[in-house]
Amino acid sequence: MQAIVVRQHGAPEVLQLETLPDPVAGSGEIRVRVAAIGVNPYDTYMRAGGYANAPDCPYIPGADAAGVIDQIGPGVTGLSVGERVYVGGTAAGKSHGAYASLVVCRPTQVHALPAHLTFAQGAAIHVPYATAWRALFGRAQLKAGETVFVHGGSGAVGLATIQIARAAGHTVVATASTPEGTALAQQAGAAHVFNHRTPGYLDQVAAALPGGPSVIVEMLANVNLDHDLTLLARHGRIVVVGNRGRIEIDPRKIMGKEAGVYGMALWNLSEDELAGIHGQLAAGLAGGALSPVVNVELPLAEAPRAHALIMEPGARGKIVLAP
Ligand SMILES: NC(=O)c1ccc[n+]([C@@H]2O[C@H](COP(=O)([O-])OP(=O)(O)OC[C@H]3O[C@@H](n4cnc5c(N)ncnc54)[C@H](OP(=O)(O)O)[C@@H]3O)[C@@H](O)[C@H]2O)c1
């Protein structure tokens, strides 16, 4: 098979395309012939080194993929060769092993890919949508009638969060920094989208959601957390999904509003918990309310370029690699 291998941590150029022996589905495993691979920011943090939960080198990066089941190991029931699936984690690990033309998974790591979704869209489901679902319902405990502010709505997780919250009937306000990202967030269902690079945009959010948002899903907490605490409704909840540094906050704002500030990291969830979330997403994916947005598809050999691109501003959905 073809795979990207990280033999030492470092810059994107350490991602090297190699030819490796084809893996075989062992007992209780299935093998997927991969058509598309999703690139996530944490693939880059792991590659760079010094990141919690990073596998030892050498390893194959990537948690997300989509393709067709081409081998079923002994003891597996309920799955068939030829089924279109999306993949969330591999037998090698919850968060690596997917940048390859063949992946071996446990049955809880593969989920039916509806016929109307492309493989590229399938590769854009697991991390973004499971993260969004976990943030809204697992951590913030979003309730009927509550409003949601997605602080960073143009990327893969942000668009998934908008779609999931809208599908559940909530009013959503979001931010983006480009006209393209703004349009995508609007198409995903945000009632208003403001530019997080424009001074005063938080006043616009406050005007759009009088009393403040009930829930804020935050993609860049090191920049925004203190502002979020100012904006938040009384008894509101902030879920820190993304963070790239340190920040000073005023805890009095948490106290005065009896607010909740929650963290989340997808790797804390067990395979069964993740499979449960994908069960919750299935109807929305099948019915079209949840529709993954693909920005660009690149050949697998261009993984270094994909890693550089995903760290640039101007997100427009998911970057996908094709083996
Ligand atoms: N905790 C977890 O388990 C978990 C899981 C998945 C992802 N994450 C993290 O969540 C973040 C988003 O992931 P992703 O896959 O959606 O990445 P992405 O596709 O690269 O999107 C990044 C988002 O952050 C926005 N952003 C940039 N500057 C911002 C600012 N000052 N204020 C608010 N938003 C800003 C971007 O908007 P523009 O580009 O339009 O400026 C874009 O919407 C990443 O940091 C990622 O590592 C965490």
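The values are calculated or read from the model by the stated rules, or taken from the named source; none is laboratory data. If you're wondering where the values come from, they're calculated on a predicted model, not measured in any experiment. Virtual Cβ from ideal backbone geometry, glycine too; neighbours counted across all protein chains shown.
A compact table of results
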{"quantity": "Number of positions in region 69-87 that are surrounded by fewer than 17 Cβ atoms within 10 Å (Cβ to Cβ) and either in contact with a Ser or Thr (Cβ under 8 Å, 6 or more places away or on another chain) or farther than 22 Å from D272 by Cα (or both)", "calculated": "5"}
{"quantity": "Pair list, Cβ < 7 Å and 6+ apart or interchain, from region 225-249 residues that are in the same structural domain as G152 (by TED's automatic domain parsing) to residues that are basic (K, R) and within 12 Å of the ligand (Cβ to nearest atom)", "calculated": "V239/R139"}
{"quantity": "Filter pass, V261 being closer than 25 Å to A165 by Cβ, of a type in the set (V, I, T) and within 12 Å of the ligand (Cβ to nearest atom)", "calculated": "no"}
{"quantity": "Within region 232-243, tally of residues that are in a loop (DSSP other than H, G, I, E, B) and either within 13 Å of the ligand (Cβ to nearest atom) or of a type in the set (F, W, Y) (or both)", "calculated": "3"}
{"quantity": "Given (1) modelled with pLDDT of 95 or more; (2) assigned to a helix (DSSP H, G or I); (3) within 16 Å of the ligand (Cβ to nearest atom); (4) not acidic (D, E), number of the condition R246 does not satisfy", "calculated": "(2)"}
{"quantity": "Sole residue being within 16 Å of the ligand (Cβ to nearest atom) and either more than 23 Å from P41 (Cβ to Cβ) or out of contact with any strand residue (DSSP E or B) (no Cβ under 9 Å at 6 or more places or on another chain) (or both), chosen from L225, L229", "calculated": "L229"}
{"quantity": "Selection within region 50-75 - more than 16 Å from the ligand (Cβ to nearest atom) and in a loop (DSSP other than H, G, I, E, B)", "calculated": "P55, D56, C57, P58, I60, G73, P74, G75"}
{"quantity": "Residue within region 208-217 that is away from the ligand (no atom under 11 Å from the Cβ), within 19 Å of the chain's Cα centre (by Cα) and in the same structural domain as R246 (by TED's automatic domain parsing) present", "calculated": "yes"}
{"quantity": "Residues of region 272-302 classified as in a helix (DSSP H, G or I), within 16 Å of the ligand (Cβ to nearest atom) and either farther than 17 Å from V127 by Cβ or in contact (Cβ under 8 Å) with a residue 60 or more places away in the chain (or both), total", "calculated": "4"}
{"quantity": "Residue match in region 188-198 (condition: within 14 Å of the ligand (Cβ to nearest atom) and in contact with a Phe, Trp or Tyr (Cβ under 7 Å, 6 or more places away or on another chain))", "calculated": "yes"}
{"quantity": "Residues that are under 18 Å from the mean Cα position of the chain (by Cα), aliphatic (A, V, I, L, M) and either more than 10 Å from the ligand (Cβ to nearest atom) or surrounded by fewer than 17 Cβ atoms within 10 Å (Cβ to Cβ) (or both), drawn from region 148-171", "calculated": "V148, I162, I164, A165, A167"}
{"quantity": "When residues of region 17-40 are limited to those that are surrounded by fewer than 19 Cβ atoms within 10 Å (Cβ to Cβ) and in contact with a helix residue (DSSP H, G or I) (Cβ under 9 Å, 6 or more places away or on another chain), the one nearest to V85 (Cα to Cα)", "calculated": "G28"}
